[in-house]
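Everything on this sheet refers to the single structure shown next.
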Amino acid sequence: MHTSLVVTVIGPDRPGLVSLMSDRGKALGASWTESRMASLAGQFAGIVRFDVAAEYAEPLAASLLELQSLGLRVVIARGKDVAEPADSHLLKLELLGLDRPGIVRDISHVLAECRVSIEELQTEIVSGAMSGEQMFQAKALLRVPAGLATAELRRVLEGLANELMVDIALDDKATRLPAAL
């Protein structure tokens, strides 16, 4: 029997952090199943899912927590086998518009009101192609309940897009976001 450990690590970025985590996983026979990592404002921020034999879950957790002695913050949670709702589907959302505070808040509130879950979210500030202005770009993978038609969600999001003065596109063919924007 295997156990999933979801490990979040944050701290000053420097070479070798991923190697340190992977060495500890390998030493206990853990599989590095999935991860998301980035360097943000000089800070390394990573989340990793390790799958490990149940008897090695606690030793792996203890080994990873030792990374705190290097100035990293480490949080570990045991994963659960969660079945995806059979009556839901995935949509990819893309958004682009002039940067301003509140875009993520406004979009996430509307999605929550529609009972849509955000599975993945990637955001960044990019330079506008023609104007050079700061543009906010987001890509999200959404889990949409069966009772909500894609056309209805599109209508709701387009209304918000007009208020926010951003462009929004929905794609129902995506199953995961690309590794990078």
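The values are calculated or read from the model by the stated rules, or taken from the named source; none is laboratory data. Just so it is clear, the structure is predicted and the values come from calculations on it, not from any experiment. All Cβ positions, even for glycine, are placed from backbone atoms using ideal geometry, and neighbour counts span all protein chains on display.
D23 falls short on exactly one of the conditions (1) among the charged types (D, E, K, R); (2) assigned by TED's automatic domain parsing to the domain that holds K139; (3) part of a helix (DSSP H, G or I), and that condition is (2).
Scanning the range 8-44 for residues that are buried (at least 16 other Cβ atoms within 10 Å of the Cβ), free of Cβ contacts under 8 Å to residues at least 40 places away in the same chain and among the hydrophobic types (A, V, I, L, M, F, W, C) gives L28, A30, F44. Taken together, the residues in the range 144-171 that are assigned to a strand (DSSP E or B) and out of contact with any Leu (no Cβ under 6 Å at 6 or more places or on another chain) amount to 3.
Scanning for something assigned by TED's automatic domain parsing to the domain that holds V18, touching a helix residue (DSSP H, G or I) at 6+ places or on another chain (Cβ under 8 Å), of a type outside the set (A, V, I, L, M, F, W, C) and outside any strand (DSSP E or B), does the range 56-65 turn up at least one residue? Within the range 56-65 (the criterion being assigned by TED's automatic domain parsing to the domain that holds V18, touching a helix residue (DSSP H, G or I) at 6+ places or on another chain (Cβ under 8 Å), of a type outside the set (A, V, I, L, M, F, W, C) and outside any strand (DSSP E or B)), the answer is yes, since at least one residue qualifies.
For the structure I just gave you, tell me whether E119 is within 20 Å of L40 (Cα to Cα) and assigned to a strand (DSSP E or B). Walk me through how you get there before you give the answer.
Values: within 20 Å of L40 (Cα to Cα): no; assigned to a strand (DSSP E or B): yes.
When the stated conditions are applied, E119 does not pass them.
Of the candidates F44, F50, the single residue that is within 14 Å of R73 (Cβ to Cβ) and modelled with pLDDT of 95 or more is F44.
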